[in-house]
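Take a look at the structure set out below.
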Amino acid sequence: MRIGIIEICVEGHYVVVSALIKTYLSSAENEVYMFTTPTIKTLLEVQNHEPGLHFVILENTGDVKGFIESMNNYGLDRIHYTTIARYYREFYEFNPENGIKEFFHFHNIDQWFMNAIRLQAVRITNVVRAGNSFKSTYNHIKYGLKDILWDFYRKKLIKKLLAKQVTFILLSDAQQRYLESFTGKVDSIIFPSLVFENESLLNKPLKKRDKIRVCVPGAVIQSKKEYDKFLLQIEKDIDFYKKHYVFDLLGRLTDAEPKLLSRIVQIKERGVEIYYYREFIDVVEFDEKLYASDIILSNLHLSDGKEGQNKETAAVYQMIRGAKPGLFPEFFVLDSYFSDSVLKFSDYEALDQVFRRLANDPALLETIQEKARKISGNFTPRNLLNRLTKSLI
C-alpha cells in the first residue's frame, strides 16, 4: 500500500508524522511518501531511516497549491492530513484522485466548529492576563487576527470533509466523544501522536534512587501551562524538595518569560535540582531525559474543563513513549487504560501532598511504574498498525 502524509504547517507536529511513518513501515508491504518542508524533513530523518520512506519537499512556498495537488501524481492509496493550520483555501480546493482514502487528524476541535472571533478573544485575554512581554502579546494578537481571517475557508473545508465521509484521526476516546458532539457519528480512529519503541526498557529493573525525577514536558510558557502555582509549592518548602526531588522542565524557556526564568533560577540557587533549557531540545536528547525520569507531570491550568476533549496534552503522549506514570489534574479526561498508572490532584496544594505521598511511599511509585510499562507495551508500531488498517482498501 502507498501512503501519502502531508505536513507543511506545524514543525512541532513532526512527532505525529513520525508515529505514522513508523507504524505503517512496520509492515514491509507499505511505502510512505512524505510531503513536507526541508525543516520537517531534517527533524524526521533523526529517527526515521526505513527504506520504504520517500520525501517530497516543498521548495517553493509561493506554490503551495501546486505542491498539494502533486500528491495525485504518486499513485497513492491513502493520504493523511496530519495538520492543517494554514493554507486552508489550498487544501479546500484540492481534490484527490478517485479511490484515494483520506484521513484527517484533529488537534484543536473547537477551532473547526466554534466561532473564531470568540475563541481568539478568550485566548488573547488570557495572554494579556498572564503578563507576557509586549513583543509576545503583539505576536499573539497578530496571529489571532490572521486566524479569524482564515476561518472562512477552515469552516468550508471541514464541511467538505464531513460530506466526503473521510476518516478522522483522534488522539483519545474523550476527543472522539467530543468531536461527535458536533458531528454526530463519524468514521474515526484513535491513534496516539507518539509510539513506544524502546521495548528493551520493559525488561530493565526499575531504578532505585534517593530522589524522584519528575519530567515536565512542553514549552515553559505560563499562558499554556500552570507554572506559577507549581513553582509556588516548591518555594514554600525548599528543604523538602531539595531532599526528595529533581525537576526536569523539558521544553524551551525563552526571554518571553522573564518572570518564570527569574523564579526558576532562584529556586535552583537555593539548592533544588531543577533543570531548564534556553534552546530547543532535539529529539534524541529529549528521549534520553524522558527515559531517565521516574514520573511525568502535566501542569495544566485548572480552569479549562474541556482539556482532554478538545485537544490532548503532550504529557499523555510522553507517558506512552517513555513508559512512565503520570500526575494529572483530576478534571483532565484520560482514557480508562491509564487509570492504574496516573495519580490525580484537585489543585496545586493537593499536588504538593501527592509529592509528599510519593516521597514517603516508594512502593506506590514502583507500582504505578510497573503499570505504565504494561500500558506502553500496547503502543508499539506493530501493535498499532491494525488500527490504521481496520478498513483495508
**Odd one out for Thr82 among (1) buried (at least 19 other Cβ atoms within 10 Å of the Cβ); (2) more than 19 Å from Ser188 (Cα to Cα)** = (2)
**Message:** Can you say whether Asp173 is surrounded by 15 or more Cβ atoms within 10 Å (Cβ to Cβ) and of a type in the set (Asp, Glu), as far as the supplied structure shows?
**Reply:** yes
**Message:** Under 9 Å between Cβ atoms, which residue pairs at least 6 apart in sequence (or on different chains) link something in region 136-149 that is touching a residue at least 12 places away in the same chain (Cβ under 8 Å) with a partner that is among the small types (Gly, Ala, Ser) and in a helix (DSSP H, G or I)?
**Reply:** Gly144/Ala116; Gly144/Ala121; Asp147/Ala116; Ile148/Ala116
**Asked** Is at least one residue of region 373-384 in contact with a strand residue (DSSP E or B) (Cβ under 8 Å, 6 or more places away or on another chain) and either at pLDDT 90 or above or surrounded by fewer than 21 Cβ atoms within 10 Å (Cβ to Cβ) (or both)?
**Response** no
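Suppose the filter is more than 25 Å from Thr183 (Cα to Cα) and surrounded by 14 or more Cβ atoms within 10 Å (Cβ to Cβ); does Tyr74 pass it? Don't jump to the end; show me each part of the working.
Numbers: more than 25 Å from Thr183 (Cα to Cα): yes; surrounded by 14 or more Cβ atoms within 10 Å (Cβ to Cβ): yes.
For Tyr74, the condition - more than 25 Å from Thr183 (Cα to Cα) and surrounded by 14 or more Cβ atoms within 10 Å (Cβ to Cβ) - is met.
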**Message:** Looking only at helices (runs of 4 or more DSSP H) that lie completely in region 311-393, which have at least 1 residues being within 20 Å of Lys208 (Cβ to Cβ)?
**Reply:** 314-322, 348-360, 362-376
**Residues that are charged (D, E, K, R) and touching a helix residue (DSSP H, G or I) at 6+ places or on another chain (Cβ under 9 Å), drawn from region 350-383** = Asp352, Arg356, Arg357, Glu370, Lys371, Arg373, Lys374, Arg382
**Complete:** Across region 202-227, the tally of residues that are in a helix (DSSP H, G or I) and within 22 Å of the chain's Cα centre (by Cα) stands at 1
**Complete:** Taking region 259-279 and keeping residues part of a loop (DSSP other than H, G, I, E, B) and surrounded by 14 or more Cβ atoms within 10 Å (Cβ to Cβ) leaves Arg270, Val272
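Tell me which residues, restricted to region 274-285, are touching a residue at least 40 places away in the same chain (Cβ under 8 Å) and under 17 Å from the mean Cα position of the chain (by Cα).
Of all residues in region 274-285, those touching a residue at least 40 places away in the same chain (Cβ under 8 Å) come to 274, 276, 282-284.
Result: Asp282, Val283, Val284.
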**Message:** So, Gln120, is that one out of contact with any strand residue (DSSP E or B) (no Cβ under 8 Å at 6 or more places or on another chain) and over 21 Å from Leu171 (Cβ atoms) or not?
**Reply:** yes
**Prompt:** If you take the residues in region 238-257 that are among the acidic types (Asp, Glu) and more than 11 Å from Val216 (Cβ to Cβ), which one is modelled with the lowest pLDDT?
**Reply:** Asp255
**Request:** Confirm whether Ile368 is touching a residue at least 40 places away in the same chain (Cβ under 8 Å), out of contact with any His (no Cβ under 9 Å at 6 or more places or on another chain) and closer than 17 Å to Ile169 by Cβ.
**Result:** no
**Message:** Going residue by residue through region 152-170, is there one that turns out to be surrounded by fewer than 18 Cβ atoms within 10 Å (Cβ to Cβ), closer than 21 Å to Ser223 by Cβ and assigned by TED's automatic domain parsing to the domain that holds Ile8?
**Reply:** no
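The values are calculated or read from the model by the stated rules, or taken from the named source; none is laboratory data. What you are looking at is a predicted structure, and each value in this text was computed from that prediction instead of being measured. We place every Cβ from the backbone using ideal geometry, glycine too, and count neighbours over all the protein chains shown.
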